[in-house]
Amino acid sequence: MLSPKNYQDYPAALRQLYQELDGAPQVFRGERDARPLIGLSANYNASGSCIARAYTESIIQAGGLPVLIPLTTDIEVLRRYAAQIDGLLLSGGDDLLPAYLGEDPIPTLGEVNPERDRSELLLVAEAVRRNVPILGICRGHQLLATAFCGGMYQDIYAQLPNAQGHNPQIPKTLPAHQVCLQGDSVLARVLGLQDGDAIQVNSIHHQAVSRVPKSFRVTALAADGVIEAMEAYPEKSILSVQWHPEQMAYAGDVLQQKLFAHLVSEATLFAQAKAVHRSVIVLDSHVDTPMHFTPDFDLRQRGNTLVDLPKMEEGLVDVSVMVAYLPQRERDDDSLRQATNYAVDKLESIRRLTFAHPDIATVATTVEEIRRAKELGLRVIVPAIENGYAIGKDISNVARFGEMGVCYITLCHNGDNDLCDSARKSKQEHGGLSDLGREVVREMNRQGIMVDVSHAAPTTVRDVLSISTAPIIASHSSARALCDHPRNLTDEDALAIAERGGVVQVCLYAGFICEQEEAASVVMAADHIDHFVRLLGIEHVGIGSDFDGDGELIGCRGSNDLIRLTVELLRRGYTTTQLRLLWGENFLRVMETAKAQSKCQ
């Protein structure tokens with residue numbers, strides 16, 4: 001069908017059309033060069049879902065592939081769209097239903113479309129959970145404010161004194177009024193401008209954002225104080241404007257076209273990040289989720305924990321190493337027995353809650369099982385123990401935990417135990433490892449359980465390295481050179497771990513990333529990764545979030561957000577090969593080596 005040899009039988013107009021198609025150069029694109037798929041929220045009229053051509057053409061000119069997302073309130077359909085698109089453009093349109101603002105309508109409220117409001121709010125929620133880059137325009141700007149509990153004017157002319165005309169009778173392809181950029185913003189950098197610069201825009205609206213939501217900031221204002229732009233960086237890749245850039249961009253305005261180029265650029269990186277996550281094993285080496293398990297906890301239910309199966313799916317995370325965490329308590333015989341029983345209970349809970357959903361998740365205890373699960377599309381939970389306090393003084397517990405599938409044991413937590421000295425709350429009673437601790441390390445080697453030195457004092461780290469026959473790990477530790485915290489590793493200790501074949505997994509706990517915890521972000525976490533990669537080599541670095549144990553950063557607040565770290569690393573030039581090592585293969589190498597060496601003992 002449609003072969004050139006048959007064209008002579010076609011009507012002239014059809015033949016000419018197909019010959020034009022055949023004559024157009026065919027571009028063969030690699031995965032990293034492919035145009036990103038940009039979803040556009042649809043307007044709605046009597047004929048159904050529709051969109052102005054200026055939106056689609058602006059996306060095409062910027063290098064994206066636009067796809068219209070029709071109006072629907074089917075959550076599963078919207079969820080599938082959010083999973084497939086690489087970027088989202090929220091278009092203009094009707095007023096928003098005041099109920100979503102917690103308000104009653106005022107007399108001058110315009111026409112609303114409750115079905116569209118519901119559809120787009122659901123779409124935004126799903127897209128944000130998956131970290132899809134978003135550009136909001138006019139109503140889309142207002143929709144974002146509504147979605148994140150910001151404030152809105154239902155009608156600026158009724159509610160904002162001295163409001164200027166925001167619907168001038170000037171062709172929308174021409175500039176109509178000024179907006180002034182505010183602060184050092186992504187918007188200013190995208191436009192190639194700076195704080196205080198003014199640009200010419202064109203608008204058509206009577207509603208406006210009155211208060212930006214938490215995590216957003218104002219980046220442009222009109223002369224009457226109307227918030228003309230806001231952004232959520234570095235929390236999310238979201239930028240929105242009150243004006244209509246698409247008509248001016250379609251007419252050839254280079255400055256306005258930069259907004260669409262930015263969306264396409266962010267979407268391209270996000271598409272690459274998704275491709276990486278789908279092709280490599282993405283492993284988070286330390287999460288404390290089991291400490292939040294309750295009798296009715298369900299891993300399949302999206303809940304308040306930072307890690308669950310829906311969040312792993314949204315972030316395309318394959319493996320979470322879930323630890324049975326034990327805070328350091330008293331060390332008398334009864335307390336030690338309770339600690340061991342508590343660890344056993346948590347390990348059994350990990351298996352029970354995971355095996356409750358065999359269609360989507362499994363427990364793995366070997367590298368081979370992890371790889372097989374990845375091939376089958378299953379999320380993987382790997383059990384571990386945080387704090388050798390669980391062992392007590394009974395070395396046989398090491399083998400017992402090994403039989404339960406524990407892949408590593410963190411020797412201590414905050415405070416010394418019977419095995420070793422801790423990096424914090426320590427009296428340095430052992431000067432590193434105790435005699436029992438030395439025996440435990442040797443037994444862990446025999447059982448093929450990795451020795452984890454996160455939380456351990458420097459003296460403990462050095463003692464472990466002097467006696468362990470297998471490479472060791474720091475399951476969740478960051479760089480002391482960048483953040484002077486006693487829980488972080490010095491360059492000297494990190495090098496010693498790497499020189500013996502081990503791996504340092506960068507922790508995403510704010511206080512270990514930046515001394516000003518409130519400022520710690522996913523960008524700074526990438527700085528720690530960069531530091532260790534330069535110092536140790538890419539083969540000795542990984543990521544252990546510490547989610548649900550206080551690990552959380554601006555821009556990375558759960559398993560679904562780990563893909564934002566991949567985006568940041570791609571932005572810095574990391575390759576798929578490097579990310580494959582960083583995201584899992586380095587940890588798996590040490591895990592496999594520990595198992596292999598145990599068979600030789």
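Values quoted throughout were computed directly from the atomic coordinates according to the rules given, and no laboratory measurement underlies them. Everything numeric here is computed off the predicted structure, so don't read it as measured data. Here the Cβ is made from the backbone with ideal geometry for all residues, glycine too, and neighbour counts use every protein chain on show.
A value for volume of the Cα convex hull per residue in Å³ was derived from the coordinates, and within the list (1) 189; (2) 171; (3) 204 it appears as (1).
Within the stretch 38-146, which GluC sites (Glu not before Pro) sit in a loop by DSSP and count at most 16 neighbouring Cβ atoms inside 10 Å?
Details: sites: E57, E76, E103, E111, E115, E120, E126; in loops: E103, E111.
Loop-located and lightly packed - E103, E111.
Gain on full extension, evaluated as 0.36 nm per residue between E348 and L495 minus their Cα-Cα distance, stands at 49.3 nm. Legend: calculated FRET efficiency, E57 to R371, from the Cβ-Cβ distance at R0 = 35 Å, rounded to 0.05, equals 0.20.
Computed log10 I(q)/I(0) for the stretch 280-598 at 0.06, 0.11, 0.14 Å⁻¹: -0.17, -0.59, -1.02, from the Debye equation with unit scatterers placed on every C-alpha and solvent omitted. A simple spin-label model places the labels of R534 and E592 3.1 nm from each other, with each point 7 Å out along Cα-to-Cβ. Need one number: % antiparallel among DSSP beta bridges in the chain, to the nearest 5. Within the chain, antiparallel bridges account for around 35 percent of the total.
Amide H contacts of A324: A384, I385, E386, each under 5 Å away and 5 or more positions distant or on a separate chain (H built 1.01 Å from N in the peptide plane; Pro and chain starts excluded). Backbone phi angles across the stretch 128-139, fed through the Karplus curve with coefficients 6.51, -1.76 and 1.60 (θ = phi - 60°), yield HN-Hα couplings of 5, 4, 8, 6, 5, x, 10, 10, x, 10, 6, 4 Hz in residue order; Gly and Pro are listed as x. Taking amide hydrogens as placed 1.01 Å from N in the peptide plane, the amide H of M152 sits under 5 Å from those of S210, R211, each at least 5 positions away in sequence or on another chain.
Modelled spin labels at T575 and D197, positioned 7 Å past Cα toward Cβ, are 3.6 nm from each other. The C-alpha atoms of the chain define a longest principal axis, and helix 367-376 lies at about 20 degrees to it. If R0 is 25 Å, the Cβ-Cβ spacing of R189 and A158 corresponds to a FRET efficiency of close to 0.10.
Distance from the alpha carbon centroid of the stretch 487-563 to that of the stretch 102-141 works out to 36 angstrom.
Only the Cβ atoms of Lys and Arg (+1) and of Asp and Glu (-1) were treated as charged; on that basis the dipole of the chain about its Cα centre amounts to roughly 1280 debye. The stretch between A399 and N341 holds 19.4 nm of extra length on full extension. This uses 0.36 nm per residue minus the Cα-Cα distance. The HN-Hα couplings worked out from phi for the stretch 295-301 by the Karplus form 6.51 cos²θ - 1.76 cosθ + 1.60 (θ = phi - 60°) are x, 9, 5, 9, 4, 7, 8 Hz, whole numbers, x standing for Gly and Pro.
A full extension of the chain between A12 and K427 corresponds to an added length of 140.3 nm, given 0.36 nm per residue minus the alpha carbon distance. On the beta carbon distance between D435 and D484, with R0 = 41 Å, the FRET formula returns roughly 0.80.
Which of the lysines could a cross-linker bridge to K274, judged by Cα under 30 Å and excluding same-chain residues fewer than eight apart? By straight Cα distance, K274 reaches K214, K236, K258, K311, K374.
Amide H contacts under 5 Å for R379: A361, T362, restricted to partners 5 or more places along the chain or on a different chain, H placed in the peptide plane at 1.01 Å from N.
3J(HN,Hα) along the stretch 3-11: 8, x, 5, 9, 4, 5, 8, 8, x Hz, from the Karplus curve 6.51 cos²θ - 1.76 cosθ + 1.60 with θ = phi - 60°, whole Hz, x for Gly and Pro.
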